[in-house]
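Beneath this line is the structure, given in structure tokens, with notes to follow.
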Amino acid sequence: MNNLRRLAAAILALMMLFALTATAFAESKTAENKAPVSKAPYEELAYLNGQLRVGMECAYAPNNWQEAEASDTNVPIENVPGSFAEGYDVQWARIIADYLGLELVIVKMDWDGLIPALNEGQIDAIIAGMMDTAERREAINFTTPYHATEYGMMVNAGSPFENAASIQDFSGASVLGQKDTALDTVIDQIQGVEHLTAVSSVPDMVARLQQGACDAIVVNVENAPAYMAANPDFRLITFAEGNGFELPAKGSCVGLRYDDEALLTLVNEALAGVEQEQRDEMWTTAAEKAPA
């Protein structure tokens with residue numbers, strides 16, 4: 001009888017050991033198959049002191065804009081108490097900060113102050129719909145693009161340029177762009193154009209067109225629906241290949257300091273981990289939520 005009890009106990013112990021081993025193996029396989037959201041913490045980013053400070057205008061919807069109420073998707077603006085940043089660029093900033101295991105801090109700045117602020121250490125990255133141009137690359141480094149862009153023209157309904165099929169059809173038109181951006185520099189590709197003195201922001205451009213202070217403004221085609229929703233008399237003009245603007249870069253990139261080589265590598269990893277379908281959904285959501 002004692003021998004039978006010992007045998008039964010031994011069998012039971014083996015069964016329990018097998019069950020525990022199988023459970024541990026299954027959990028191990030599950031962990032292997034689950035892609036990590038972030039590899040943080042990164043020792044090479046210790047100098048950032050646990051934060052990723054991102055600069056943007058907070059005035060370039062649907063890329064980025066300012067809100068008065070907190071939500072599940074917006075982020076407080078450090079230097080504008082009681083205000084929050086929202087938009088496509090903000091969602092990318094959240095993804096990148098999460099991947100790096102850093103706290104996201106949004107800093108609102110004028111467009112022409114972003115690059116100096118980055119090099120002076122006031123911010124750690126620019127995520128503001130900024131193109132990687134040869135001129136900017138003399139001052140800062142850039143990641144791979146996170147958003148492609150196309151340029152078009154915006155006019156008022158009834159404009160003599162409303163049916164333009166080429167940028168050259170705007171010869172003689174007064175055209176306005178944004179200072180220190182390709183939205184301004186590409187205007188010189190139009191022969192005989194009246195190239196107006198650039199203004200500081202896209203909202204300024206939109207206001208000048210609405211007031212009739214110019215014949216046309218240069219816009220990102222993907223941003224145009226938001227402008228037209230707020231201004232029903234606006235008309236967007238796009239151009240077939242070969243008839244439009246030649247752009248200096250393919251789209252928006254994250255701007256970083258040249259010395260931040262490890263950060264550049266890791267941010268590119270974060271960008272590469274987001275599939276095009278998710279990028280499209282992020283853009284659509286931002287465009288739908290953008291203020292009119």
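Points to keep in mind about this one:
- Segment 189-289: trypsin sites (Lys or Arg not before Pro) in DSSP loop, at most 14 other beta carbons within 10 Å: LYS250
- Candidates GLY152, GLY244, GLY172, ranked by Gaussian network fluctuation over the chain, Cα under 10 Å, top entry: GLY172
- Spin-label model, ALA240 to ASP280: label points 7 Å out along the Cα-to-beta-carbon direction sit 2.5 nm apart.
- If you take the alpha carbon atoms of segment 76-170 and fit the smallest convex hull around them, that volume is 160 Å³ per residue.
- Probe 1.4 Å, all protein chains present, accessible-area order of PHE245, PHE234, largest first: PHE245, PHE234
- Counting only alpha carbon atoms, the long axis of helix 2-33 and the longest principal axis of the chain meet at about 10°.
- Across segment 33-131, the volume of the C-alpha convex hull divided among the residues equals 119 Å³ per residue.
- The chymotrypsin sites (Phe, Trp or Tyr not before Pro) found in segment 48-148 include none that occupy coil by DSSP while having at most 13 further C-beta atoms within 10 Å.
- Gaussian network model of the chain, Cα within-10 Å springs - most flexible of ASN268, ASN49, ASN63: ASN49
- Cβ-Cβ FRET estimate between THR73 and GLU194, R0 fixed at 41 Å, reported to 0.05: 0.50
- Radius 13 Å from Cβ of ALA148, net charge of other residues (Lys, Arg +1; Asp, Glu -1): -2
- Rounded if a/c under 1.5, otherwise prolate or oblate - segment 238-292, Cα gyration tensor axes: oblate
- Loop-located GluC sites (Glu not before Pro) across segment 68-144 with a Cβ neighbour count of 16 or fewer within 10 Å are GLU69, GLU78, GLU120, GLU138, with loop assigned by DSSP.
- Computed from label points 7 Å out along Cα-Cβ, the spacing between ALA272 and SER174 is 5.0 nm.
- Volume of the Cα convex hull of the chain, divided per residue and given in Å³: 183 Å³
- Computed from phi, the 3J(HN,Hα) profile of segment 185-199 under the Karplus parametrisation 6.51, -1.76, 1.60 (θ = phi - 60°) reads 5, 5, 4, 5, 6, 8, 6, x, 6, 8, 7, 6, 4, 5, 9 Hz, with x in place of Gly and Pro.
- Karplus-derived HN-Hα couplings along segment 99-109 (A = 6.51, B = -1.76, C = 1.60, θ = phi - 60°), whole Hz, x at Gly and Pro: 4, 7, x, 10, 6, 7, 10, 9, 10, 7, 8
- Under 23 Å, Cα to Cα: Lys pairs in the chain, sequence gap 8 or more or different chains: 4
- Two-site label geometry, GLN122 and ALA165: point separation in nm, points 7 Å out along Cα→Cβ: 4.8 nm
- A 1.4 Å probe run over the protein chains yields, for segment 87-191, 37 Å² of accessible area per residue, whole-number rounding.
The values are calculated or read from the model by the stated rules, or taken from the named source; none is laboratory data. Since we're looking at a predicted model, the values are computed, not measured. Reconstructed Cβ throughout: ideal geometry from the backbone, glycine too, with neighbour counts over all protein chains shown. Areas reflect the complete protein model, heavy atoms only, side chains present, ligands, DNA and RNA absent. Shrake-Rupley method; radii C 1.70, N 1.55, O 1.52, S 1.80 Å.
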